[in-house]
Amino acid sequence: MNSRLIKIAVPVVGASVLLVVAFVGWFVLSAWWSNPPPVLGFGEGPEQPIAFPHTVHVSDAGLDCQFCHRTVSTDEAATIPAVAQCLFCHGFDKIDGRLSTSGTAQEELAKLIADLGEPQEPINWNRVYRLPDHVQFVHAPHIQQGISCSTCHGEIGTMQVVKQVRNLKMRDCVDCHRDNGAPTDCSICHY
Amino acid sequence: MATQTKASAQRDNPKWEMVVDLDRCTGCQACVIACQAENNIPINEESAFHEHRAIQWIRIERYWEGEFPDVKARFLPLLCQQCDNAPCEPVCPVFATYHNNEGLNVQVYNRCVGTRYCGNNCPYHARLFNYWEPVWPEDLRNQLNPDVTVRTRGVMEKCTFCIQRIRRATRGGEPVEDGTLQPACAQACPTSALVFGNSNDPDAKVSRLKTDERHFRVMEHLGTDPSVTYLKQVDVDG
Amino acid sequence: MGLTRRRFLQWAGATGIGAVVFNGCRVPDHEIQVQSPVQIPEDLVTGRDNYYATVVQGPGSSEGLLVRVMEGRAKKVEGNPDYPMNTGKHGLRAEALLQAAYHPDRIKTPLRRVAKGGPFRPIGWPEAIAELTRVLTEADPSRVVLATAPIRGVLADVTRRFADSYGARLVGFDPLDLTVLRAAIKRVFGQDALPDFDIARTGYLLSFGSDFLGTWLDPTHFARGYGEFRQGDRERGYLVQVDSRFSPTAAAADEWVYVTPGSEGLLAMAMIHTIVSDGLGDDAAASALTGGRGASALSAFAPSAVAERVFGETGGGAERIRKMARDFASADHAQALAIGGGSAGAYANGLFNLTAIYALNHLVGAVDPPNGGGLVFNPPSEEPRITAAPLREWKQLISDMRAGAIDVLLVRDANIDYGLPGSLGTREALGNVGTIVSFSSFLDETTALADLILPGNTPLEEWGTDIPDPGPGYRTVAFQQPAINRFNDTLSFGDALLETGRELGFGDQLPWATMRDAVRDTARALHESGRGSVTQPTFEEFWKRALERGGWWDMNATASAASAPPQLPTAAASPDLAGDEDQYPFFLVPYEAHGIGAGGFAHLPWVQSAPDPITTVTWATWLDVNPTTARELNLHQDDVVIVGAPNGRFIHVTVYVNPATPPRVVSIPFGGGHEHFTGVAAKRGANVLDILADTEDAETGALAWAGTRVRLTKTRTRVRLPKLEGDELAVQLPGEEVIEVQHVRR
């Protein structure tokens, strides 16, 4: 075999392997301590069955978060509204009206209407925010203490596709709890 | 006035305790299944019983006395005693179990690395280890309680006094009215043998019953100082 | 090119970490989606819990429930604190209804058999209803049978109207029916509805064979009273359990009195004899019971004459009977009460036994006493109810089937192939039935033989009402509403009947579009009465309130007074056990399993995994054997024995050496040995119904399920019983008791 080729190949292969290892290591460590770095699509929010634009609803229409996420101040979950609730505004006759203008919007709204047929298939929204395992998070007390939604969820109004902006690892939670004098007993969240 | 403030301060800083009236208990297993449903306890297959690895946060122990015709079977519902001097706590190398200020012996699943020291040190066998990944048939997953974590293989678990219900009831900050907060077992118990409450509230039923003349605590001589008080069964010798 | 160590490490490192990244970071599919609200009603806000009040009925029980529902899925069953029967408490079977709704082995769509004996093919509901209509149109109505588990309330009304309009024979089925108990209550008190027992305010409770804290009638309801009986405001009550088996109730009792199986009535009669001859009881009642002749009419039952037959080798002579009678009739305690049922009524002399037992109540003023305690009668139900037919009727029906006289059999949760005694040859007879249509939610043994399956809903998905029987002592109507939408492509039995009825042109008799309409009609009548716990100006408000509370009850609507005491028989009836003592030395006293009952709950994992209170055995069928007897027969724990009955039938069962089992008695719980009925129940344990003699109660014709003698044959097989207790018997160590017991002298 050509020894010159080997002399070139070994360092090249070695260097690229090293590079890969370094990349992977960096990736794993940052995923471990925080969130995966925004490469390979990791920083993006998941695609949703209906391309719901928070930009239109929050920034343009100026809706308050709690207009749709109604139980956030009283319950564990903020809850994704039921389809019926979408139709408070998007009534059947309004589909072609002023609430939706572009072609894509009409396509997406058609999906919404299709869900009202028989059988009533639910919309399987994809989860955006994930907490580590064995953690219970309750929205209500946070909202009641005056923490704004954007503290954890970022400027949702500017997001075409919603993504997780804060890592919400335990350090993140505990730091905030300490700063605000909130309880830090393990069993407040872990049960 | 001062005593009143003190009393209300005690009420506001609850210590959760339970009283089990063995004179009422019939061993009917309603508490056991209610607990399984509330706390996402994996289904105990036949093999789990063969290996004595069935997970029941509350179980009914049956003790025989004598043989036919002079025979007695006595029932003892046994759950985590939430000991104030818990033998399980100091042996955990990773501090996964500790005592909190409500008198609860807390198990933190994230921290648990599965050494099982705590289980071995518990005289009541109240701590149970997940030897397998808990599995439910897909449809049955619909029943799982979203308020309670589904544990994974390799962690210890045990009765929490239904801490998810305590968290829910105390979230508003107001003191909990006696009798309105019940763990799943006490709620189900058809004979009301299980009584749960805040023993820092002198008016609570649990405070009254735990000093009943029939009271005793299981294996009290070990010095565990349990938070579960049993009421002695009274036997009438005809 | 050789593989150097260094290169190997490089590769291994890269691939190893790669595996972590691309596997470890991937979230399991089911976790990516927000919990999908399958078939969720759109008016429900997701992520928030709702509680729906509903009710679940059993043959003798009625439990009002609150179901916690989140995102359209039921999460937890809790007792309804408002409902008079269980007042906020519930038993393990009610809890396990959740698993029935979400059972992986439910029948998910209507099924039709491709050809006789062929496999099933899924079909749609329109086709299923059309096929049922075709079958019924082509059949001769007099050759059609509709068999169902006992039903009360609106569904019973719909079922009866359907059967009557069409002309089909309607038969109820329950392996352990309550025929004998109903007959005894009718004979002794002249009442049609079963009475309630005010256990809480009773001072001395004498129970014959009825495991009322375990499985008999409504254990949750009775346990409510029992808790107060023990540690209520009053003096601690005294419980005596007369039983040929050590049941959970016997374990809870202050005194367990073993009697020879079938002699419960004899003991009660001897107690009556003592009370009458010593003048301890009510004179008028004593006179009526004896036809005015006093103790001389009962001379056949003098304690000295019957003591040996009652107590057998355990001793305790006539004096013991006299003492029991004196204790029972003594005025030292609050109200006395005698109840009986279960095995006491399951012999050829069952009605004789229960008549004697309940007659005791007349002597001590336990019949609706003014100060509480004793028997509380219920108003007769105006709504129809379908009760289980006695064995005698079923024998006739099976022989009709065998003769090919039945063309169509419609079954709903009436698992006759499993639940009738094996000697009847039900399977073979069912083979001669033209078409079998099943409405069951699960593929039980009878449904497995069906040609057409129209799967029904589980109780948490149905509309209905329940008029508890026994009730709480006043008129009560509970409303059953769907706490969750149906989870599979099933249809409630009532709706299927209504739809088929419309196709067949029974619109006049079945005027409702759905079961909901039928329930609303019942509610409308209650609203118009203007009485009871819910009164509202408009019907819609009444409807809403009644559903919220889980029912309607009228505490002023009580029962009519009991009739005068009947005259008691002067001669004893024989229990007439099958098999002679020499060849079949053991009494077989089977019993309803604590969880799985007579087999109807065997498909629910929680129920199967709930330990039996006495033996702590789970997931299996076992044979209780006395330790001394076991030594004599060289039997050990976990040995498999063949239990043989005089009719030549036998089953294999594993031995549990039970220190409380009497020497000449062996016991096997019902409910095991399913062939089908989901993967949870199938091929597990043995079915004791299979070997029972088809002996009937002489008067009512009900199955005398405790009336069989058996013999045991040891096999070489051993099967370890799955149980909670360890391999050593758990006993209290003297001086180191886990349970510290305080003894008091009485």
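Mind telling me which of the residues C:Thr500, C:Thr476, C:Thr465 ends up being assigned to a helix (DSSP H, G or I), polar (S, T, N, Q) and either surrounded by fewer than 24 Cβ atoms within 10 Å (Cβ to Cβ) or in contact (Cβ under 8 Å) with a residue 60 or more places away in the chain (or both)?
Among C:Thr500, C:Thr476, C:Thr465, only C:Thr500 is assigned to a helix (DSSP H, G or I), polar (S, T, N, Q) and either surrounded by fewer than 24 Cβ atoms within 10 Å (Cβ to Cβ) or in contact (Cβ under 8 Å) with a residue 60 or more places away in the chain (or both).
With the condition kept exactly as written, say whether any residue in segment C:76-94 is in contact with a strand residue (DSSP E or B) (Cβ under 7 Å, 6 or more places away or on another chain), within 7 Å of chain B (Cβ to nearest Cβ), open to solvent by 10 Å² or more (accessible area, probe 1.4 Å) and not in a loop (DSSP other than H, G, I, E, B).
Yes, segment C:76-94 has at least one match.
Scan segment C:328-340 and tell me whether some residue there is closer than 16 Å to C:Asp697 by Cα, modelled with pLDDT of 95 or more and either in the same structural domain as C:Val240 (by TED's automatic domain parsing) or not β-branched (Val, Ile, Thr) (or both).
Scanning segment C:328-340 turns up at least one residue that is closer than 16 Å to C:Asp697 by Cα, modelled with pLDDT of 95 or more and either in the same structural domain as C:Val240 (by TED's automatic domain parsing) or not β-branched (Val, Ile, Thr) (or both).
Only helices (runs of 4 or more DSSP H) wholly contained in segment C:302-371 count here; list those with 2 or more residues that are surrounded by fewer than 18 Cβ atoms within 10 Å (Cβ to Cβ).
It comes to C:303-311, C:318-329.
So, C:Val411, is that one buried (at least 21 other Cβ atoms within 10 Å of the Cβ), at pLDDT 95 or above, more than 19 Å from the chain's Cα centre (by Cα) and not in a helix (DSSP H, G or I) or not?
no
Go through segment A:158-191 and report how many residues are within 17 Å of A:His139 (Cα to Cα) and of a type in the set (D, E, K, R).
Residues flagged as within 17 Å of A:His139 (Cα to Cα) and of a type in the set (D, E, K, R) within segment A:158-191 amount to 3.
Where in segment A:1-87 are there helices (runs of 4 or more DSSP H), lying fully within it, with 3 or more residues that are more than 8 Å from chain C (Cβ to nearest Cβ) and of a type in the set (A, V, I, L, M, F, W, C)?
A:3-33, A:65-68
List the number of the failed condition for B:Pro226; all other conditions in (1) within 12 Å of chain C (Cβ to nearest Cβ); (2) on the phi < 0 side of the Ramachandran plot; (3) buried (at least 23 other Cβ atoms within 10 Å of the Cβ) hold.
Result: B:Pro226 passes all but (1).
Condition (residue is in a loop (DSSP other than H, G, I, E, B), farther than 15 Å from C:Ala578 by Cα and under 28 Å from the mean Cα position of the chain (by Cα)) applied to segment C:639-657: is it met by at least one residue?
No - not one qualifying residue is present in segment C:639-657.
Just to verify a result, which residue in segment B:64-79, among those that are touching a Pro at 6+ places or on another chain (Cβ under 8 Å) and not in a strand (DSSP E or B), is surrounded by the fewest Cβ atoms within 10 Å (Cβ to Cβ)?
For segment B:64-79, the residue satisfying everything is B:Pro69.
Could you tell me which residue of segment C:277-298 is most open to solvent (accessible area, probe 1.4 Å), considering only residues that are touching a residue at least 40 places away in the same chain (Cβ under 8 Å) and part of a helix (DSSP H, G or I)?
Checking each candidate, the answer is C:Ala288.
Can you list residue pairs whose Cβ atoms sit under 8 Å apart, with the first residue in segment C:184-198 being without any contact (Cβ under 8 Å) to a residue 40 or more places away in the chain and the second being part of a helix (DSSP H, G or I) and open to solvent by less than 30 Å² (accessible area, probe 1.4 Å)? Count only pairs 6 or more apart in sequence or on different chains.
none
For segment C:704-726, which residues satisfy the criterion of being part of a strand (DSSP E or B) and in contact (Cβ under 8 Å) with a residue 40 or more places away in the chain?
C:Thr708, C:Arg709, C:Val710, C:Arg711, C:Leu712, C:Thr713, C:Lys714, C:Thr715, C:Thr717, C:Arg718, C:Lys723
Please go through segment C:252-276 and pick out each residue that is open to solvent by less than 10 Å² (accessible area, probe 1.4 Å) and in a helix (DSSP H, G or I).
Passing the criteria: C:Glu264, C:Gly265, C:Leu267, C:Ala268, C:Met269, C:Ala270, C:Met271, C:Ile272, C:Thr274, C:Ile275.
Going through segment B:98-116 one residue at a time, which ones are aliphatic (A, V, I, L, M) and open to solvent by less than 20 Å² (accessible area, probe 1.4 Å)?
Scanning segment B:98-116 gives B:Leu104, B:Val106, B:Val108.
Is it the case that C:Leu729 is outside any strand (DSSP E or B), farther than 28 Å from C:Tyr238 by Cβ and open to solvent by less than 10 Å² (accessible area, probe 1.4 Å)?
Answer is no for this residue.
Within segment B:120-151, can you find the residues that are within 7 Å of another protein chain (Cβ to nearest Cβ) and within 17 Å of B:Ala96 (Cα to Cα)?
Listed by number, the list holds a single entry, B:Thr149.
Looking at C:Ile651, C:Ile739, C:Ile668 in this structure, which one is away from chain B (no Cβ under 14 Å), open to solvent by less than 30 Å² (accessible area, probe 1.4 Å) and either of a type outside the set (A, V, I, L, M) or touching a Phe, Trp or Tyr at 6+ places or on another chain (Cβ under 8 Å) (or both)?
After applying the criteria, what remains is C:Ile668.
Can you name the condition, by its number, that B:Trp57 falls short on among (1) within 14 Å of chain C (Cβ to nearest Cβ); (2) part of a strand (DSSP E or B); (3) not hydroxyl-bearing (Ser, Thr, Tyr)?
(2)
Restricting the search to segment B:203-223, which residues are open to solvent by less than 30 Å² (accessible area, probe 1.4 Å), assigned to a loop (DSSP other than H, G, I, E, B) and more than 9 Å from chain C (Cβ to nearest Cβ)?
Across segment B:203-223, the qualifying residue is only B:Ala204.
Considering only residues that are open to solvent by 40 Å² or more (accessible area, probe 1.4 Å), out of contact with any helix residue (DSSP H, G or I) (no Cβ under 8 Å at 6 or more places or on another chain) and facing another protein chain (nearest Cβ under 9 Å), look in segment B:152-171 and name the one that is nearest to C:His103 (Cα to Cα).
Within segment B:152-171, the match that is nearest to C:His103 (Cα to Cα) is B:Thr152.
Does C:Gly701 meet the test of being assigned to a loop (DSSP other than H, G, I, E, B) and either open to solvent by less than 10 Å² (accessible area, probe 1.4 Å) or more than 22 Å from C:Ser247 (Cβ to Cβ) (or both)?
yes
The values are calculated or read from the model by the stated rules, or taken from the named source; none is laboratory data. Note that the coordinates shown come from a computational prediction; the quantities given were computed from them, not determined experimentally. We place every Cβ from the backbone using ideal geometry, glycine too, and count neighbours over all the protein chains shown. Quick note on the areas: whole protein, heavy atoms, side chains included, nothing else; ligands and nucleic acids left out. Shrake-Rupley method; radii C 1.70, N 1.55, O 1.52, S 1.80 Å.
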